[in-house]
Amino acid sequence: MTFARIIGTGSYMPERILTNADLEQMVDTTDQWILDRTGIRERRIIAEDQKVSDLAEIAAKRALEASGTKAVDIDLVIVASATSELIFPSLACLIQQRLGIGDCPAFDINAACTGFIYQLDVANQFIKNGSAKNVLLVAAEGLSKVVDWDDRATCVLFSDGAGAVVLTADSKPGIRSTHIHADGTYSELLYAPSGRYGDDPPHIRMKGNDVFKVAVTKLGAVVTEALQANNLVVDDIDWLVPHQANLRIIKATAKRIHLPMERVILTIEKQGNTSAASVPLALDTGVREGKIKAGDTVLMEAFGAGFTWGSALVDF
Ligand code: UT7
């Protein structure tokens, strides 16, 4: 039997830090409100001369290096992003060219904050059916470009960054299962217009409290679904790597499966919400801090616009 195994992780965050104190000067908010309601202290902002593809490229190179895989041996590239600098070509094609990866399929997916879980699901299928052997996944966002800096309800949340992993075909797991969902009937609770039709500027619009309630319910259900599908109990999980949108949502999800917070990878305080990049960024942080080790079983989850949501259960 063939499994898709994660053999390297990488990430990158832009240099510029925007603190809660900085935001106090920009909108009617306080450090205390942001910390209490979200768990965020600071977020990163892409530089004037940087593009989302630049963030993606650095994260991808770091993941390749960590995996010991040569760029020419990659035979599938999938990028998740909702904020590419170009409509086309895809970020995946740009990364393929910049890293010197040869002719292979390369495409982007947009599942908003759930992008990385969708990527894992798709890559798993390519590897399991023999269509790909070494897969590069990159998730990268420049959300500061679509934030309305006058809207205190959203501008305190979002951040820029990129995360990447290399997967390879192996006889041992690997990805044990993925569970992806979407329900477009919620599309008006969280969206960003393209700015190309009508008068709507390309800014993130969110009914935060409504999103919060659905996120808690769906994430609770999807982590339970992952445990049940694999006949696992909470003691079998070494680490939860959650989407870093709100510390209160993360705590509610961990509580739902009775997982102590000591076994949750938390990056939200210093990284904010980087949408699709949030889970691979947290994963790479956990690996590089020496928390996630070979042999560990890791549960990842995410929830975002669409709504989309999902989980992946992975052995390292
Ligand atoms: O990553 C994609 C998925 N996104 C999420 O999962 C985000 C889900 N939502 C959330 O994380 C939370 O709903 C927020 C952090 C966005 C907001 O927290 P909340 O506890 O749901 O607050 P709320 O929206 O119910 O607002 C409570 C109050 C309101 O004032 P009134 O009406 O009670 O007077 C807001 O106007 O807080 C006010 N408020 C703020 N006050 C200070 C909203 N934003 C701010 C702010 N600073 N930045």
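Here are a few things to note about the model shown:
- Gyration tensor verdict on region 200-290 (Cα atoms; rounded if a/c is under 1.5, prolate if a/b is larger than b/c, oblate otherwise): oblate
- Remark: region 142-153, residue by residue, has Karplus-estimated 3J(HN,Hα) of x, 5, 4, 6, 10, 7, 8, 6, 9, 9, 5, 6 Hz, where x stands for each Gly or Pro and the curve is 6.51 cos²θ - 1.76 cosθ + 1.60 at θ = phi - 60°.
- Cα gyration tensor, region 83-239 - rounded (a/c under 1.5), prolate or oblate: oblate
- With K and R counted +1 and D and E -1, the other residues having a Cβ less than 11 Å from that of Leu94 yield a net charge of -2.
- Highest mobility in the GNM of the chain, judged by mean-square fluctuation with C-alpha springs under 10 Å and restricted to Thr168, Thr19, Thr114, is found for Thr19.
- Cα gyration tensor shape of region 3-170, rounded if a/c is under 1.5, else prolate or oblate by comparing a/b with b/c: prolate
- Averaging the sequence gap over all C-alpha pairs within less than 8 Å and six or more residues apart, then dividing by the number of residues, gives region 1-52 a relative contact order of 41 percent.
- When the pairs Lys70/Lys172; Lys61/Lys270; Lys207/Lys270; Lys172/Lys255; Lys218/Lys251 are compared against a 19 Å limit on Cα-Cα distance, Lys70/Lys172; Lys61/Lys270; Lys207/Lys270; Lys172/Lys255 fall above it.
- Electrostatic bookkeeping for Val216 treats Lys and Arg as +1 and Asp and Glu as -1; over the other residues with beta carbon under 9 Å from its beta carbon, the sum is +4.
- With the charge dipole of the chain set up from +1 on Lys and Arg Cβ and -1 on Asp and Glu Cβ about the Cα centre, the Cα lying farthest toward the positive end among the listed residues Val211, Gln271, Val314 is that of Val314.
- All other residues whose Cβ lies under 12 angstrom from that of Ser84 are scored, Lys and Arg at +1 and Asp and Glu at -1, for a net of -2.
- Normalising the average separation of contacting C-alpha pairs (under 8 angstrom, six or more residues apart) by the number of residues puts the relative contact order of the chain at 26 percent.
- Antiparallel DSSP beta bridges within the chain, percent to nearest 5: 70 percent
- Kyte-Doolittle mean at least -1.0 and Cα axial length at least 30 Å: DSSP H helices in the chain: 208-229
- Checking every one of the chymotrypsin sites (Phe, Trp or Tyr not before Pro) in region 149-252 against DSSP loop status and a limit of 11 other Cβ atoms within 10 Å picks out Tyr197.
- Selection among Tyr186, Leu167, Leu137 by position relative to the dipole of region 106-225 gives Leu167 as farthest towards the positive end (Cβ unit charges, Cα centre).
- In the chain, the DSSP-assigned H stretches of four residues or longer account for a calculated mean residue ellipticity at 222 nm of -9500 deg cm²/dmol, using -39500 (n - 2.57) per stretch and the full residue count as denominator.
- Convex hull (Cα only) mean projected area of the chain, reported in nm² to one decimal: 15.3 nm²
Coordinate-derived values only; no laboratory data. Every value quoted in this text rests on a predicted model; they were computed, and no experiment measured them. Quick reminder, even Gly has a Cβ in these numbers, built from the backbone with ideal geometry, and neighbours come from all protein chains shown.
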